[in-house]
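Derivation of every value follows stated rules applied to the coordinates shown; laboratory data play no part. As the structure is a prediction and not an experimental result, all values here were calculated from the model. Please note: Cβ atoms are built from the backbone with ideal geometry, for glycine as well, and neighbour counts cover all protein chains shown.
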Amino acid sequence: MANISIIKEKCVGCKKCVGACPFGAIDIKDKKADINEKCTLCGSCADSCKFHAINFVRDEIVQKDLSSYRGIWVFAEQRYGKLKTVSFELFAKARDLSERLEVPVTAVLLGNNIKNLAQELCAYGADEVLVMEAEWLDDFNDHVYGEVMIQLINEYKPEIVLIGATSNGRSLAPHISSTLRTGLTADCTVLEADKGERLLLQTRPAFGGNLMATIVCPNNRPQMATVRPKVFKPLVPDYTKTGKITILPVPSPIESFVKKIRNIDNEEGANLSDADIIVSVGRGIGSEKNIQLAQELADSLGGALGSSRPVVDQGWMPYSQQVGQTGKTVAPKIYIACGISGAIQHLAGLADIETIVAINIDPDAPIFKVANYCIVGDVREILPLLTKEIREAKK
Amino acid sequence: MKIIVCIKQVPGTNEVKMDPTTNTIIRENVASIINPFDTYAIEEAVRIKERYGAEIYGLSMGIPAASEMLREAISLKIDKAMLLTDRKFAGADTLATSYALSRGVEKIGAYDLIICGKQATDGDTAQVGPSLAKTLGIAYATDISKIIELNYGFMRCMKITDDGYEEIEIKLPALITVVKEINMPRLPSIKSMRNAKSAEIEIVTSKDAAADENRTGLKGSPTQVRKTFVPVHDVNSIYISGSTEEQSKKLAEILLGKES
């Protein structure tokens with residue numbers, strides 16, 4: 001099994017490895033590094049040591065023949081016959097990867113009466129579309145969709161499978177990866193391809209975004225990753241582009257032990273994950289009735305309303321709108337933090353945001369450290385004025 | 001009925017401080033806590049126990065010190081706790097973790113329901129719950145915000161999604177992951193804290209759990225960390241000054257410029 005040890009003769013006690021360890025697993029004892037039980041055998045310290053004093057032995061892995069796996073798949077998620085925008089974003093990235101790896105991009109489209117969407121997928125970057133239509137595929141179900149995907153992966157052997165990190169995608173992906181016993185990396189923010197090794201280099205945030213890790217899956221296929229909405233930009237659709245569309249034979253229906261009784265949909269526009277602009281309220285808004293001020297700004301900008309945790313804990317906003325570590329991670333183009341102090345737990349919910357605007361009465365609020373535009377002032381005075389300016393300009 | 005709650009020990013803060021001269025991570029002694037999402041899982045199990053009667057097992061995989069965290073879980077009214085701890089489990093990714101936990105579940109024996117927090121705050125993957133269910137070959141549902149009804153054999157609950165909510169019915173045994181909205185965890189009582197002090201935590205090694213060493217720890221992990229780095233946030237903050245009117249006007253111009 002893998003092992004790590006300090007070669008005491010070579011260790012000079014420089015502590016560089018202590019800093020390199022993301023897990024606090026190295027102490028200095030008697031001026032030498034000492035690895036404690038927190039070690040996860042990640043190998044970060046071995047790379048950091050300039051004196052080659054850390055002996056890190058990875059397991060000898062029997063190299064499997066992975067060459068039969070070729071091509072990049074994107075799971076094209078749809079609901080009520082409408083494709084999720086994250087699928088389009090994934091095609092843009094898949095195209096990048098496909099150029100490096102010189103393989104086609106294939107969309108997998110499951111549902112009922114959805115084959116008309118295949119052309120749209122080609123316009124956004126798919127070379128091929130595999131379509132399976134059946135009444136029992138009408139509504140998304142982790143188990144049913146998962147089992148179909150597993151059958152298809154086993155048959156077609158793609159080397160990479162990308163899935164949008166929507167609520168459905170995040171539940172579907174581990175079903176597939178753990179059944180196939182392959183790797184899955186959640187919420188990647190950077191995806192690159194290493195052509196020589198045919199590896200997908202998957203970079204994702206950990207510890208609430210305070211540390212980035214690049215993860216690889218060298219000995220198992222397919223390499224699977226999920227990506228949050230808004231992380232990548234979709235290509236401009238080219239409707240003249242055609243692709244190979246294959247209507248797949250339908251296997252016998254798959255039963256699930258989880259049955260949906262009914263959907264209770266939010267009102268249009270309330271979905272934080274898809275919003276381009278989010279106006280988010282914190283404790284500085286003062287009272288429940290003042291939330292209306294933020295709602296009006298969101299409406300004037302065509303954005304969604306979010307909130308920090310204290311506002312949800314007060315019962316002023318529903319949990320579905322909470323941004324942060326225990327709420328949602330969002331990635332709009334513009335995030336307007338109104339009366340939010342910017343605790344680390346809140347910042348953990350802000351993914352890749354182009355523009356952060358902070359309005360806060362406290363000039364020392366940590367939110368200002370991450371904001372592109374800062375206004376020190378009372379959000380209750382500024383919001384109505386700002387809404388008025390926006391409305392007038394839009395007339 | 002028997003309920004198993006999976007609990008992870010996580011750092012109390014996610015803040016990673018940088019040493020500006022050496023450009024390396026400073027890790028002061030950060031206290032460990034129960035993963036916040038798991039506290040909702042514990043509370044929900046206790047509520048089911050109070051409503052329907054149940055025996056609750058807490059299950060964790062971690063370093064030996066995690067047994068203290070399980071003691072805390074006992075003070076929150078779970079009945080028994082098991083800690084999977086072994087060097088052979090170290091370096092596990094979500095698949096290898098799920099496998100090790102599945103061995104713990106098998107060791108506990110017949111169960112009706114497994115409850116996990118939606119995700120852990122250190123990794124944020126939300127993969128171990130579904131992956132554990134698949135390893136055990138049982139049904140699962142993620143992001144549960146309410147348990148409406150629990151009958152022998154079935155459970156009706158609400159699931160939170162990007163688009164709203166779904167009311168679903170799950171056949172037991174099954175695994176659910178829960179979100180914060182599901183409840184407000186109680187604090188431990190003096191009596192329960194006293195009970196927890198003397199409670200026995202079952203320590204289980206890889207061998208005790210009859211785990212296949214090829215499927216645990218680093219060896220059983222298909223994913224590997226190639227490198228880690230601290231992201232640089234170079235934010236160029238622009239302060240908008242002036243009267244409230246002027247500030248609003250300037251900001252409106254900026255927003256409208258960005259939007260188009």
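Could you work out the relative contact order of chain B, using alpha carbon pairs under 8 angstrom and six or more residues apart, expressed as a whole percent? Spell out each step's value before the answer.
Details: 490 pairs, mean separation 59.6, N = 260.
Here the relative contact order equals 23 percent.
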| query | Once you list every other residue whose beta carbon is under 14 Å from the beta carbon of A:Thr182, what net charge do they have if Lys and Arg are +1 and Asp and Glu are -1? | reply | +4
| Rounded to the nearest 20 Debye, what is the dipole magnitude of region A:64-178 about its Cα centre when Lys and Arg each give +1 and Asp and Glu each give -1 at the C-beta? | 260 debye
| said: Pairing rule first: another cysteine's C-beta must sit under 4.7 Å. Under that rule, which cysteines of chain A stay single? | reply: A:Cys11, A:Cys14, A:Cys21, A:Cys39, A:Cys42, A:Cys49, A:Cys122, A:Cys188, A:Cys217, A:Cys338, A:Cys374
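Provide, as a two-decimal number, the C-alpha radius of gyration of chain B over 2.2 N^0.38 Å, N being how many residues it has.
Details: Rg = 21.9 Å, N = 260, 2.2 N^0.38 = 18.2 Å.
Taking the Cα Rg and dividing by 2.2 N^0.38 Å, one obtains 1.21.
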| request: Determine, from the Cβ-Cβ distance of A:Thr240 and A:Glu99 and an R0 of 25 Å, the FRET efficiency 1/(1 + (r/R0)^6), rounded to the nearest 0.05. | output: 0.80
| field | Rounded to 5, percent antiparallel among DSSP beta bridges of region B:2-226 | value | 45 percent
| request: Only residues of region B:196-219 count here: report those whose backbone N is under 11 Å from the spot 7 Å along Cα→Cβ of B:Glu106, or say none. | output: B:209-213
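With the cut-off at 29 Å, tell me which of the pairs A:Lys233/A:Lys259; A:Lys388/B:Lys146; A:Lys259/B:Lys219; A:Lys328/B:Lys191; A:Lys115/B:Lys118; A:Lys82/B:Lys159 have Cα atoms farther apart than that. List each step's numbers first, then the result.
Values: A:Lys233/A:Lys259 35 Å; A:Lys388/B:Lys146 40 Å; A:Lys259/B:Lys219 37 Å; A:Lys328/B:Lys191 36 Å; A:Lys115/B:Lys118 34 Å; A:Lys82/B:Lys159 21 Å.
Correct reply: A:Lys233/A:Lys259; A:Lys388/B:Lys146; A:Lys259/B:Lys219; A:Lys328/B:Lys191; A:Lys115/B:Lys118.
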| task | Take the Cα atoms of region A:8-155, build their convex hull, and give its volume per residue in Å³. | result | 182 Å³
| remark: Check: C-alpha center region B:202-260 vs C-alpha center region B:98-133, spacing in Å is 24 Å
| query | For region A:213-307, what is the convex hull volume of its Cα atoms per residue in Å³? | reply | 292 Å³
| Cβ-defined net charge surrounding A:Leu66, 12 Å radius [Lys, Arg +1; Asp, Glu -1] | +2
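Share of Cα-Cα pairs in region A:222-266 beyond 17 Å, in percent? Kindly include the intermediate steps, with their values, before the conclusion.
Details: 741 of 990 pairs.
The share of Cα pairs beyond 17 Å in region A:222-266 comes to 75 percent.
Please compute the alpha carbon radius of gyration of region A:252-395, then divide it by the globular-protein estimate 2.2 N^0.38 Å. Two decimals is fine. The partial results should precede the final answer.
Values: Rg = 16.5 Å, N = 144, 2.2 N^0.38 = 14.5 Å.
Region A:252-395 yields a ratio of 1.14.
Can you give the local net charge around A:Glu159? Use residues other than it whose beta-carbon is closer than 13 angstrom to its beta-carbon, Lys and Arg +1, Asp and Glu -1.
Numbers: positive: A:Lys64, A:Arg70, A:Arg100, A:Lys157, A:Lys195, A:Arg198, A:Arg221; negative: A:Asp65, A:Glu102, A:Asp194, A:Glu197.
Combined, the nearby Lys, Arg, Asp and Glu give +3.
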| note | Expressed in nanometres to one decimal, the distance between label points 7 Å along Cα→Cβ at B:Glu245 and A:Ile150 is 6.7 nm
| Inter-chain Cβ neighbour average for residues A:137-143, partner chain, 10 Å | 2
| query | Using θ = phi - 60° and the Karplus form 6.51 cos²θ - 1.76 cosθ + 1.60, what ³J(HN,Hα) does each residue of region A:72-88 get, whole Hz, x for Gly and Pro? | reply | 10, 10, 10, 6, 8, 7, 10, 9, 6, x, 10, 6, 6, 4, 4, 4, 4
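Compute the Rg to Rh ratio over region A:121-161 from the alpha carbon atoms, using the Kirkwood formula for Rh, and round to two decimal places.
1.00
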| request: Find how many whole Å separate the alpha carbon centroid of region A:243-302 from the alpha carbon centroid of region B:145-171. | output: 19 Å
| remark: For the protein assembly as shown, the percent of all C-alpha pairs falling in each 20 Å bin, from 0 up to the bin holding the max distance, is 18, 51, 29, 1
| field | region B:96-170 - percent relative contact order, Cα under 8 Å, separation 6 or more | value | 20 percent
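Based on the alpha-carbon gyration tensor of region B:185-258 and its eigenvalue square roots a ≥ b ≥ c, which shape applies: rounded if a/c is under 1.5, prolate if not and a/b is larger than b/c, or oblate? Intermediate values should be presented prior to the final figure.
Values: a/c = 5.15, a/b = 1.87, b/c = 2.76.
Oblate shape, in that a/c is at least 1.5 and b/c is the bigger or equal ratio.
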| So, by mean Cβ neighbours within 10 angstrom, what's the order for A:243-249, A:52-58, A:375-381 with the highest one leading? | A:375-381, A:52-58, A:243-249
| request: Taking H placed 1.01 Å from N in the peptide plane, check which residues at least 5 places from A:Gly13 or on another chain put their amide H under 5 Å from its amide H. | output: A:Ala33
| query | Using 7 Å Cα-to-Cβ label points, what is the A:Glu192/A:Asp30 separation (nm, one decimal)? | reply | 4.2 nm
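Take the Cα pairs of region A:14-66, get the Kirkwood Rh, then feed it into Stokes-Einstein at 25 °C and 0.890 mPa s and tell me D in µm²/s. Walk me through the intermediate numbers first.
Numbers: Rh = 12.1 Å.
Rounded to a whole number, D works out at 202 µm²/s.
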| said: Let me check the size of region B:124-260 from its C-alpha atoms; what are the radius of gyration and Dmax in Å? | reply: 24.9, 70
| request: In whole Hz, with x marking every Gly and Pro, tabulate ³J(HN,Hα) for region A:231-242 from phi via Karplus 6.51 cos²θ - 1.76 cosθ + 1.60, θ = phi - 60°. | output: 6, 10, 9, x, 6, 5, x, 10, 6, 7, 6, 10
| Could you give the dipole magnitude of the protein assembly as shown about its Cα centre, charging the beta-carbon of Lys and Arg +1 and that of Asp and Glu -1, in debye to the nearest 20? | 1400 debye
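What is the average number of partner chain Cβ atoms found within 10 Å of a Cβ in A:347-359?
Details: counts 2, 3, 0, 0, 0, 0, 0, 1, 4, 2, 6, 2, 4.
Average per residue, whole number: 2.
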